[in-house]
Structure formats: structure tokens, C-alpha cells
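Contents: one structure, followed by commentary.
The values are calculated or read from the model by the stated rules, or taken from the named source; none is laboratory data. Bear in mind the structure is a predicted one, so any value in this text is a computation, not a measurement. Note that we place each Cβ from the backbone using ideal geometry, even for glycine, and neighbour counts take in every protein chain shown. When the accessible area is computed, the model is the full protein with side chains, heavy atoms only, and any ligands, DNA or RNA have been set aside. Shrake-Rupley method; radii C 1.70, N 1.55, O 1.52, S 1.80 Å.
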Amino acid sequence: MTSLVTTPGPAVSAGPGPAPQRRGNRRNVRKWTEIVVFVGPALILFLGFVILPVILAAIYSFYNLPPAFRWENLADPGRFIGFNNYVRALTSPEFLRAIGNTFFILAASLLVQGPLAIAVALLLNRKLRGRSVFRLLIFVPYVLAEVIAGLAWRMLLQPNGGVNALLDALGLGFLKANWLADPNIALWTIFLILTWKYLGFAILLMLAGLQGVPEELAEAAAIDGATWWQIQRHITLPLLGPTIRIWAFLSIIGSLQVFDMIWVTVAPAVRRIATESMATYMVQQGQFAGQPGYGSAIAVILFVISLVIALVYQRFALRRDLAGSITRGVQ
């Protein structure tokens, strides 16, 4: 029997060592180039239009600046007043009233707009004739510019405007009021206008969330004898929770920064005593009253309040939603 003996061939070299390292370096350079190209412009805009104004406002807030501001004013030791602008703001009855008005709009938006948006969304989510038309009509106010909507409502709510004329035509003349000039109802009027303006966005957001609710769950519950209300309470609303929490976050931030509708709709005399918000008070004092240092302090306070509320809400309300979106590396 002949045995075959194989002769080992020459050893194969692993090749030059620096080549894989050069390829890895090129990949790193390409990766960082893509990051700079795609993230760089957005980061520059964010730093220039968000972070830099906040820093400058914080600096200006420590000075008693004249209306015609010049950079030389910051070098004048006599204009540095420390935290006096903040003390003045936090002890001012007008600013405290503005804070109260802002939080009233915030709370009323959550308590009224949220349930109303959910109810209308549940109705429009059912098979109804003309459902698309209703959705379109509900969303139209949201796409209108704040100034246009504010001016339109200002004309409609005049003493001789369309709203009072409609009440007369319906035989409800006893409900006529000076909607935007009566301090007792002006803030409620603003809230109703804001509800008309933003309810459509909330409804469409809820409708989008309802599309992610499996119909099989509702059908199974109905087969087991659950009523429509029980299905909504125990199945639909819990699954709609992430959408509701996101809408609530957007509503909170928007309410804290409400400005346009109040500024355009309400006359200055009524606004100062009934409907002033933190944002309108900031603009009034910082620009029109010629106190940019004091207005900057108001801006910093508004920024801090918004930031704290956003962080607290994210920590306790959005934590369960954000936890599932974080991708962890595989070990």
C-alpha cells in the first residue's frame, strides 16, 4: 500500500501590518466628516440663535441698561446692579400676575383641550360619512398665522362685532359682552381663542395615536362582553398614553411661551391688568418701556421656568416612553 506524504508548503505571511490600520483611520475620518457635514450647520444655528442669546440675556440682566444699548454700557461700573432686576421682577405684582395668567392658560389647556381632543378623536376615528371633511375643517384654524387669527377674532369680538350680532340673531342678546375689554372675562376669552386655534392639532395627534391601537384587542374585548366605554377606558386610553404625554408636553411649552395671540388681540390697557403673560410682559418692559436689562431678567426667568418644567416632565412623565427608544450596544 502506497502512502501519500504531503509536504508542507511555504508559510503564508499575514501581510503588512499598517494596511488595516490605515483603512480604520480612513473610516474614522469619513465618519467624522459625515458628522461635521450633517450636524455642523444645525449645531451652528443652535449655538447662534439659542445658546448665544440666552448667554447674552443673562449678562444683560445684571445691568441697568439704557434704551439705546451700546457695548460700552457693559464697561460702565455704575450700570452693574447685580441681581436687582431679578429681585424687582419677583417682587413685582404685575409680573407675579403675569406668571399666574400663564399658568392659568397652561392648566386650562391640559384640563379642557386634552379631554376634548380625545373625545373628538374617538368620534372621528369611527366610520362616519364626511369624516375627512370634518378632519380638514378642524385642522384649518391651526394652519392660520397667529396674527391673522388674532386680528380676525379682535374684529369679531368687538361690541358691535359678529359674535354679539350672532347672539342677537339667535335671541341670546343677554349673553352679549365686551369680550376683550372686560377684565373679568378677557383671559377666558383668550383661552377660548387659543382652544379654537390649537384644538385641531391635538385632535390630529390623537387620531395618529389611535392608528397604532390594534383593532383586534377591541374586537376581542367586545366578544367578551365589554361595553364601548370599557373598551376605551381599559384598552384605547392606556395604549394612547404615549401620544397624550407628548401632546401634554407640547401644550405645556406652548402655554408658557404664549405671546402672539394675547399681544395682537387685547388692547394694551386691558392686557396689563387682565391678560398679561410672562412673554408679553417681557416684551413690554424690555422693548417698549425702554428697560432692556429688566426685560432680559424676565427672559432668563422664563427660560429657567420652562427648562425646569421640561426636565421634570421628561424625568417623571416621558421616562417610560424614552426608555424604549434608547438602543443599547450588544456586548
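Scan the range 39-68 for residues that are open to solvent by less than 50 Å² (accessible area, probe 1.4 Å) and under 14 Å from ARG79 (Cα atoms) and the total you get is 5.
In the range 310-327, the residues that are modelled with pLDDT under 90 form Cβ pairs under 7 Å with partners that are of a type outside the set (Lys, Arg) and open to solvent by less than 100 Å² (accessible area, probe 1.4 Å), at six or more places apart or across chains, as follows: LEU318/PHE249; ASP321/PRO242.
Just to be sure, is THR236 of a type in the set (S, T, N, Q), in contact (Cβ under 8 Å) with a residue 60 or more places away in the chain and within 28 Å of ALA57 (Cβ to Cβ)? Considered against the rule, which asks whether it is of a type in the set (S, T, N, Q), in contact (Cβ under 8 Å) with a residue 60 or more places away in the chain and within 28 Å of ALA57 (Cβ to Cβ), THR236 comes out as no.
How many residues does the range 183-205 contain that are among the hydrophobic types (A, V, I, L, M, F, W, C) and outside any helix (DSSP H, G or I)? Residues flagged as among the hydrophobic types (A, V, I, L, M, F, W, C) and outside any helix (DSSP H, G or I) within the range 183-205 amount to 1. Of all residues in the range 128-166, those being without any contact (Cβ under 8 Å) to a residue 60 or more places away in the chain and among the basic types (Lys, Arg) number 2.
Regarding THR227, is this residue hydroxyl-bearing (Ser, Thr, Tyr) and modelled with pLDDT under 90? Yes.
Taking the listed residues LEU111, LEU124, the one that is closer than 13 Å to LEU199 by Cβ and either modelled with pLDDT under 85 or among the aliphatic types (A, V, I, L, M) (or both) is LEU124, with no other qualifying. When you look at THR265, is it at pLDDT below 90 and either β-branched (Val, Ile, Thr) or over 17 Å from ILE118 (Cα atoms) (or both), yes or no? Spelling it out, it is not the case that THR265 is at pLDDT below 90 and either β-branched (Val, Ile, Thr) or over 17 Å from ILE118 (Cα atoms) (or both). Look at (1) modelled with pLDDT under 90; (2) open to solvent by less than 70 Å² (accessible area, probe 1.4 Å) and you find that ILE118 fails only one, number (1). For the range 100-115, the candidate set comprises residues that are under 13 Å from SER251 (Cβ atoms) and among the small types (Gly, Ala, Ser); within that set, the residue that is surrounded by the most Cβ atoms within 10 Å (Cβ to Cβ) is SER109. Scanning the range 125-182 for residues that are part of a helix (DSSP H, G or I), open to solvent by less than 70 Å² (accessible area, probe 1.4 Å) and either polar (S, T, N, Q) or in contact with a strand residue (DSSP E or B) (Cβ under 9 Å, 6 or more places away or on another chain) (or both) gives a single hit, ASN164.
The rows are residues; the columns are (1) among the aromatic types (Phe, Trp, Tyr); (2) under 20 Å from PHE103 (Cβ atoms); (3) open to solvent by 30 Å² or more (accessible area, probe 1.4 Å).
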residue	(1), (2), (3)
SER255	no, yes, no
THR280	no, yes, no
ALA289	no, no, yes
LEU311	no, yes, yes
GLN314	no, yes, yes
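Exactly one residue out of ARG97, ARG79, ARG88 is within 28 Å of VAL270 (Cβ to Cβ), open to solvent by 60 Å² or more (accessible area, probe 1.4 Å), touching a helix residue (DSSP H, G or I) at 6+ places or on another chain (Cβ under 7 Å) and among the basic types (Lys, Arg), and it is ARG88.
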